[in-house]
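Derivation of every value follows stated rules applied to the coordinates shown; laboratory data play no part. Since the model is a prediction, treat every value here as computed from it, not as a measurement. Every residue, glycine among them, receives a Cβ derived from its backbone with ideal geometry; neighbour counts consider all protein chains shown.
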């Protein structure tokens, strides 16, 4: 994975090294996963470096777990055979995005990050949540059409 030097709303977007891989056949083709991936990269590249050393085993660890969880649960849900199983994993991913929003608020409240960085993170999280909610709705409709 490479980080593009150009940004969208100040966020480094991902340039996929696996473009030759047929991503149309797995979770990497999902816009919801891609947006959650951008949230994860935002936290790793922009927020975690701002945290003080005393947060190494506190907020830092919680952010790392939640950001990894968001993308991992979308991937795992995609790999499930039954629609309802997948939906449950997508809901867990959504909960991780909410958890990240709370961690971002905490980082701002404790003055570890600037208002601009806070706003940028909120926008990314909200966009990822909306997209994931849309995908959950799509999967529910697929299930109903069986």
Taking 0.36 nm per intervening residue step and subtracting the Cα-Cα distance, what contour gain separates residue 44 from residue 142 on full extension?
31.8 nm
Which order do the peptides 84-93, 32-41 take when ranked by the mean count of other beta-carbon atoms within 10 Å per residue, highest first?
32-41, 84-93
How long is the gain from residue 133 to residue 105 if the chain were fully straight, where each residue apart is worth 0.36 nm and the alpha carbon distance is subtracted?
7.9 nm
Taking only Cα atoms of the range 30-144, what ratio of Rg to Rh do you get with Rh as the Kirkwood inverse-distance radius?
1.03
What's the FRET efficiency of residue 62 with residue 82 using the Cβ-Cβ distance as r and R₀ = 30 Å, to the nearest 0.05?
0.45
Going by C-beta contacts inside 10 Å, put 68, 63 in order with the fewest on the left.
68, 63
What share of Cα pairs, in percent, lie more than 12 angstrom apart in the range 88-127?
57 percent
